[in-house]
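Data first, discussion second: the structure below is written as structure tokens.
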Amino acid sequence: MAENMTQHRVPFQRLKIASFDFTSCEGCQLQLTNHEATLPDFLGLLDVRNFRELSSERHDDYDIALIEGSISRQDEVERLLKIRKQAKILVALGTCACFGGVNSLKNRFPVKTLIDELYPPMNIETLAVRKISDLVTVDLSIPGCPVNKDEVERIMVSLATGSRVTLPKYPVCMECKAQLNTCLFELGEICLGPLTRAGCNAVCTSGKTPCLGCRGPAEEINMASFLELVKERGLSLDDLQEKLAFYNAFEPWQNHEA
Ligand code: SF4
Ligand code: SF4
Ligand code: SF4
């Protein structure tokens, strides 16, 4: 980590960071380059060694590797293993990396059928989608589709100062209720807010769109009582399963016996 001085002349280690995209839309990496108001301070924390969206520099001596995307090709597996060997801290950045994300929807179909139907007569190499932790040890997961830049900045400050990194343990409902939103269950919709880890400031439900759980499960969720709620309201269990499967973030509960 590169040493610098704070304005109070205290030595400060800039984080030697690299970022790599795999099967993804690059929306999470782009999110980190947004928000010009905080970008100079954010970059001040970092010694960018390899980050296509931020710099043309290319170096292999990084300590922190941000991994965006899920894994869907053999060459990605090999590249990921190489990055894992170099990185002291490997971060799964975004829902694709943490859970598989929307890419996982493809796992519902046989790979050959997909290629034959969508890309005839091309020969495309593709594997079933896997999240990063299926292949390597992940030191830190930052969920979100895309990630919340404020949260990433807070986490980078924690890493730079050696303090504990935390994510909210409570569900999106807490943030949604704090904004005095009408609950979407009252409007006949299934919303995964009671199950999902907060940290997005309930951005979807504040726009009257149900939460699809991109941030994954909150701590200590009660799936049984959530199922009861859906049934009591006469809402569709098939719709619930579609929503749970959308980001693959509720894998242990998908196809849960209703
Ligand atoms: S998590 Fe969402 S925004 Fe990030 S790379 Fe995947 S699809 Fe794109
Ligand atoms: S709309 Fe969704 S997130 Fe908001 S209170 Fe209702 S269930 Fe919770
Ligand atoms: S409301 Fe749900 S789906 Fe929307 S950003 Fe937040 S966690 Fe993701």
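Among the residues of region 208-219, is any more than 20 Å from GLY94 (Cα to Cα), part of a helix (DSSP H, G or I), out of contact with any Asp or Glu (no Cβ under 7 Å at 6 or more places or on another chain) and at pLDDT 95 or above? No, every residue in region 208-219 fails to be more than 20 Å from GLY94 (Cα to Cα), part of a helix (DSSP H, G or I), out of contact with any Asp or Glu (no Cβ under 7 Å at 6 or more places or on another chain) and at pLDDT 95 or above.
Any chance region 170-186 includes a residue that's in contact with a strand residue (DSSP E or B) (Cβ under 9 Å, 6 or more places away or on another chain) and away from ligand 3 (no atom under 16 Å from the Cβ)?
No, because not a single residue in region 170-186 is in contact with a strand residue (DSSP E or B) (Cβ under 9 Å, 6 or more places away or on another chain) and away from ligand 3 (no atom under 16 Å from the Cβ).
Within region 141-182, the set of residues being in a helix (DSSP H, G or I) and within 16 Å of ligand 1 (Cβ to nearest atom) comprises LYS149, ASP150, GLU151, VAL152, ILE155. Against the test of being within 11 Å of ligand 2 (Cβ to nearest atom), over 14 Å from THR95 (Cβ atoms) and among the small types (Gly, Ala, Ser), the options ALA224, ALA202 yield a single qualifying residue, ALA202.
Only one of the numbered conditions (1) more than 10 Å from ligand 3 (Cβ to nearest atom); (2) within 29 Å of ASP134 (Cα to Cα); (3) surrounded by 21 or more Cβ atoms within 10 Å (Cβ to Cβ) is violated by ARG197, and that is (1).
Here's the yes/no breakdown for (1) over 16 Å from the mean Cα position of the chain (by Cα); (2) more than 13 Å from ligand 3 (Cβ to nearest atom); (3) polar (S, T, N, Q):
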site: LYS131; (1), (2), (3): no, yes, no
site: ILE142; (1), (2), (3): no, no, no
site: ALA160; (1), (2), (3): yes, yes, no
site: SER163; (1), (2), (3): yes, yes, yes
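Of everything in region 201-216 that is surrounded by fewer than 24 Cβ atoms within 10 Å (Cβ to Cβ), within 16 Å of ligand 1 (Cβ to nearest atom) and not small (Gly, Ala, Ser), the residue that is nearest to ALA245 (Cα to Cα) is LEU212.
Of all residues in region 129-175, exactly one satisfies the criterion of being on the phi > 0 side of the Ramachandran plot and surrounded by fewer than 19 Cβ atoms within 10 Å (Cβ to Cβ), namely GLY162.
Listed conditions (1) more than 24 Å from CYS211 (Cα to Cα); (2) out of contact with any Ser or Thr (no Cβ under 9 Å at 6 or more places or on another chain) are all met by LEU114, apart from (2).
The values are calculated or read from the model by the stated rules, or taken from the named source; none is laboratory data. Predicted, not measured: the structure shown is a model, and the values here were computed from it. Cβ atoms come from the backbone with ideal geometry, glycine included; neighbour counts cover every protein chain shown.
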